[in-house]
Amino acid sequence: MGNGKSFLTAKESTVSESSVNMESISENWKEVFFKEASKGDHYKVIVKSKYDEIVQDVLRAKLSSKKKSAQQFKRLRKFDVIEIDGTNKLIAKFKDDAALKYYVPLEDMYDLLRKAHLSTGHGARDRLLKEIAMKYANVTRELINLFLSMCQSCQQKKIKRRRGLVSKPILHEEVS
Ligand SMILES: [Zn+2]
């Protein structure tokens with residue numbers, strides 16, 4: 001209810017308040033992204049505290065010889081934990097020859113999407129989805145859409161393209 005509206009308001013104020021410092025813009029976007037993504041269930045995000053809790057629970061369930069709870073059974077079917085450089089990472093339960101897929105806590109999601117988006121030269125949704133879905137278990141189409149709606153460069157390109165459709169073609173050199 002009214003989520004879209006408040007999101008737009010936040011977005012606009014973020015842009016107008018910080019036009020100088022690039023770092024602070026990035027931080028603000030991250031905050032807006034975080035707030036927006038934690039709102040809807042459809043984003044299927046896991047916040048860091050929950051992520052840590054699942055990691056501990058899965059480890060306990062794997063090591064314990066005691067009878068497992070229904071929730072532990074459920075989690076063991078879905079998750080596994082591997083240690084990388086001394087850090088426990090939550091991964092999707094390994095299935096045959098499928099690739100290893102990491103779960104990403106919401107707190108790390110923005111940076112991950114940003115990196116993938118920039119490294120693909122402002123890659124579009126399907127490109128990103130393909131790239132990211134190979135390695136990560138919980139980066140959804142909805143999250144990518146949310147991120148892309150916040151990329152100013154992509155949004156401006158979109159507007160330009162739309163304008164280009166209605167106006168007569170003008171030859172010009174684009175600075176890219
Ligand atoms: Zn972009």
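Any read-out appearing in this document is the output of simple, stated calculations on the displayed coordinates, not a laboratory observation. Predicted model only: the values in this text are computed from it and were never measured. We place every Cβ from the backbone using ideal geometry, glycine too, and count neighbours over all the protein chains shown.
Between residue 82 and residue 133, what length comes free when the chain is fully extended (0.36 nm per residue of separation minus the Cα-Cα distance, one decimal in nm)?
Details: separation 51, 0.36 × 51 = 18.36 nm, distance 1.88 nm.
Going from the current span to full extension adds 16.5 nm.
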Quiz item: Just how large is the dipole of region 53-176 about the Cα centre, in debye to the nearest 20, putting +1 at every Lys and Arg Cβ and -1 at every Asp and Glu Cβ?
Solution: 580 debye
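Estimate the FRET efficiency between residue 42 and residue 65 by the formula 1/(1 + (r/R0)^6), using the beta-carbon distance for r and 30 Å for R0, to the nearest 0.05. Show your work: numbers first, answer last.
Values: r = 39 Å, r/R0 = 1.29.
Plugging the Cβ-Cβ distance into 1/(1 + (r/R0)^6) gives 0.20.
Would you mind calculating the gained length between residue 111 and residue 142 on full extension (0.36 nm times residue separation, minus the Cα-Cα distance), in nm to one decimal?
Numbers: separation 31, 0.36 × 31 = 11.16 nm, distance 1.61 nm.
Once the chain is fully extended between residue 111 and residue 142, it gains 9.5 nm.
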Exercise. Please sort by residue number the trypsin sites (Lys or Arg not before Pro) in region 79-157 whose DSSP state is loop and whose Cβ has at most 14 other Cβ atoms within 10 Å.
Key: 93, 95, 135
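All other residues with a Cβ under 9 Å from the Cβ of residue 138 taken together, and with Lys, Arg as +1 and Asp, Glu as -1, what is their net charge?
Working: positive: 44, 101; negative: none.
Computed value for this residue: +2.
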